[in-house]
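Read the structure below first, then the notes.
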Amino acid sequence: MIRSITQQKPLEEIDELLKGLGRVFLIGCGTCTTLTHTGGEPELSTMRENLTGVGKLVTGQVVVPVACDNLTGEIIKDYGGQIDQANVLLVMSCAFGVQTIASQLKKMVVPALNTMFIGKETGMGRFNEICTQCGTCIIGETGGICPVTSCHKGLVNGPCGGTDKGKCEIDSNRDCAWTLIYNRMKELGRLDSIKKFQKPRNHHGEPMPGRVDLTEKTQEATAK
Amino acid sequence: MVSSFKKALDSGKFIVTCEVAPPKGTNLEKTIHHIEMLKDKVDAMNLTDHQSSVMRFPSLGAALLVKELGGEPILQMTCRDRNRLALQADLLFASSRGIRNVLCLTGDSVILGDHKQAKSVFDLDSSQLVATIRTMEKGKDLGGSDLDGGVSFCAGAIVTPGADPLEPQLIKFEKKIEAGAEFIQTQAVYDLDKLKNFMEYAGQFPAKILAGIILLTSAPMARFMNKNIAGVNVPQYLIDEMASAPKGGALKKGIEIAGRMIKKIHDEKICDGVHIMAIGKEELVPGIMAEAGLV
């Protein structure tokens, strides 16, 4: 299952973001940040202690089931009084949740986490970014491994000269995508596929910010 | 107009190129000194492009300087810092000022350099940059529009014969040559038997191959390269030889080793030439060439 992978911001940065905001309501998420131990019940309790330690008043806290779900606003309404008393919501979900909450409540929101990437749990407690949603998928030619995402430089014609012993030049704990791709294609007997020269990529398969509206298509079809 | 470097490549003579690193700042004294010292001794000199992702005076500016001083520049261009618009624009400018040789590189990661938070580009890769040059030579840009005034370059690229694993590297190498690379400079090589094996394969392609020679300055420096530079392997006997040098004599020993290797590559016709990287000690290049019997 895909997950939004987060990391807590340094406490100094959170303090800075909360400067002058004395009363805080804490929101966590029961899905991704619970899984990554960055915004579940235990992390909210630790954050509460930290905040109390620096003289903040925590008016209340809640871990919503799925912070990015549009129902989150409804669920939080039960905490209306505690939220009203606070002058800021400190949100320990990914930025999808933070933005959902910000759009539903007329309240200042501060993210306690940095959203690192949309990833996959590849082992117990291990998460990897395997797709960057570029809009121009080429993994049909690379054995189902994405070089745009898995290669640090996003190279589509083979490895750079920095790869060593199957690892990436920026970190010997990271696999070189092109070694993985080569090994898989060799195993499949399809090395010819990666010998094909790839033209410069279209970096605007979907211009940022991505937008799809299925109802537009339905309307067009109806009009015809 | 064909570059003097291209003419030298085509002549079949043994090629010698070297590197000149632009300064960190505007003080060009040392760079000019190196250019003047080397311009008549080597066939061409590479101007490095923010080598190791450390911000410096631009390779394009330094290539222009070489040109102004009467030397033959090889403009190094990495894909790290510029998208296809900027790369093509710089190629137009280079061409307009008589710079005729380009070495196309991917570029090190920004993370390894001195501006670790900078955005990296990699809009094109090195093989696509070679192909871009060939497209522009046909009077078109990558967008398909006509160029008013064309370009002409001798395009090159690099390969790491000691890469581990080697096969993916060779796939890229062949793409670079298919895209139109006319010369290939290799990552530093020290084991000439392995180089011979590599040349049995690489020699079948139309590009000229220049063996990369990095001057060893001490035994610890050799060990450092083995540990930290991808695809570089200084054999133990050379490290021992460096370590055996008398106190203060390591550099002399390094020059001797580099000279000896170049002489062997030349005498046994292992490669089409050499690319000498003295890493900031460019003033030693003439000494290395003398040791190799090339001057």
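Under a 5 Å amide H cut-off, with hydrogens placed 1.01 Å from N, A:Val63 pairs with A:Gly28 among residues at least 5 apart or on other chains. Using θ = phi - 60° in the Karplus curve 6.51 cos²θ - 1.76 cosθ + 1.60, the 3J(HN,Hα) couplings for region A:129-143 round to 7, 10, 8, 9, 6, 7, x, 9, 5, 10, 6, x, 10, 10, x Hz; x is entered for Gly and Pro. Go ahead and collect, in residue order, the members of region B:195-233 whose backbone nitrogen is under 19 Å from a label point 7 Å along the Cα-Cβ direction of B:Lys269. B:195-211, by backbone N distance to the label point.
Each label point was placed 7 Å from the Cα along the Cα-to-Cβ direction; for B:Asn83 and B:Asn226 their separation is 4.5 nm. Amide H contacts of B:Arg80 (H built 1.01 Å from N, in plane; Pro and chain starts excluded): B:Phe122 sit under 5 Å, all sequence-distant by 5 or more or on other chains.
With the cut-off at 21 Å, tell me which of the pairs B:Lys6/B:Lys172; B:Lys140/B:Lys172; B:Lys176/B:Lys208; A:Lys9/A:Lys56; B:Lys194/B:Lys252; A:Lys186/B:Lys194 have Cα atoms farther apart than that.
Over 21 Å Cα-Cα: B:Lys6/B:Lys172; B:Lys140/B:Lys172; B:Lys194/B:Lys252; A:Lys186/B:Lys194.
With all distinct Cα pairs included, what does the Kirkwood hydrodynamic radius of region A:54-175 come out to in Å, to one decimal, could you say?
Radius from the Kirkwood sum: 17.8 Å.
For chain B, the pair-distance distribution built from all alpha carbon pairs, in bins 5 Å wide starting at 0, is 1, 5, 12, 16, 19, 18, 14, 8, 3, 1, 0, 0, 0 percent. Over region B:26-107, the reciprocal of the mean inverse Cα-Cα separation, the Kirkwood hydrodynamic radius, stands at 12.9 Å. Most mobile of B:Gly231, B:Gly144, B:Gly254 per a Gaussian network model of chain B (Cα springs, under 10 Å)? Result for chain B, Cα springs under 10 Å: B:Gly144 fluctuates most.
In this structure the amide hydrogen of A:Phe127, modeled in the peptide plane, comes within under 5 Å of the amide hydrogens of A:Thr122, none closer than 5 places in sequence on its chain. The P(r) of chain A has a tail past 33 Å containing 37 percent of all C-alpha pairs. Could you tell me which of rounded, prolate or oblate describes region B:135-268, using a ≥ b ≥ c as the square roots of the eigenvalues of the alpha-carbon gyration tensor, with rounded for a/c under 1.5 and, failing that, prolate when a/b is larger than b/c and oblate otherwise? It comes out prolate by the Cα gyration axes. With a Förster radius of 25 Å applied to the beta-carbon distance between A:Gln219 and A:Asn70, the computed FRET efficiency rounds to 0.70. Fully extending the segment from B:Leu28 to B:Lys13 would add 2.2 nm, taking 0.36 nm per residue of separation and subtracting the current Cα-Cα distance.
The base-10 log of I(q)/I(0) for the protein assembly as shown, evaluated at q = 0.10, 0.12 Å⁻¹, reads -0.88, -1.09 [Debye formula, identical scatterers on Cα atoms, solvent excluded].
Both radii come from the Cα set of region B:55-177: Rg as radius of gyration, Rh as Kirkwood radius; their ratio Rg/Rh reads 0.98. Couplings 3J(HN,Hα) for region B:274-284, derived from phi with the Karplus relation 6.51 cos²θ - 1.76 cosθ + 1.60 (θ = phi - 60°), are 10, 10, 8, 10, 9, 6, x, 10, 4, 5, 8 Hz, where x marks Gly and Pro.
On the principal axes of its alpha carbon atoms, region A:2-117 extends 37, 29, 21 Å, with the longest extent given first. The charge dipole of region A:44-144, taken about its Cα centre with unit charges on the Cβ of Lys, Arg, Asp and Glu (plus for the first two, minus for the last two), comes to roughly 280 debye. Per the Debye calculation on region B:220-295 with a single equal scatterer at every Cα and no solvent contribution, log₁₀ I(q)/I(0) for q = 0.14, 0.24 Å⁻¹ amounts to -0.48, -1.30. Using only the C-alpha atoms, the convex hull of region A:130-195 corresponds to 81 Å³ per residue. Distance from the Cα centroid of region B:229-295 to that of region A:5-33 is 57 Å (rounded to whole angstrom).
Helical runs assigned H by DSSP (4 residues or longer) give chain A a calculated mean residue ellipticity at 222 nm of -9000 deg cm²/dmol, each run adding -39500 (n - 2.57) before division by the residue total. Each Lys and Arg contributes +1 and each Asp and Glu -1, all at the Cβ; summed about the Cα centre of chain A, the dipole is approximately 640 debye. Its relative contact order, with pairs defined as Cα atoms under 8 Å and 6+ residues apart, puts chain A at 18 percent.
Of all DSSP-defined beta bridges confined to region A:2-117, some 20% are antiparallel rather than parallel. Taking the DSSP beta bridges with both ends in the protein assembly as shown, the antiparallel portion is around 25 percent.
Ordering A:Val98, A:Gln82, B:Ile15 by Cα displacement along the dipole of the protein assembly as shown toward the positive end leaves B:Ile15 in first place; charges were set at the Cβ atoms of Lys, Arg (+1) and Asp, Glu (-1). Placing a pseudo-label 7 Å from each Cα along the Cα-to-Cβ vector at B:Glu178 and A:Lys107 gives an inter-label distance of 5.9 nm. With the convex hull drawn over the C-alpha atoms of region A:173-215, the volume per residue is 173 Å³.
All of the numbers you see were taken from the coordinates with simple rules; none came from a lab. Just so you know, these numbers come straight off a predicted model, no measurement behind them. When we count neighbours, we look across all protein chains shown, and the Cβ atoms used for this are built from the backbone with ideal geometry, even at glycine.
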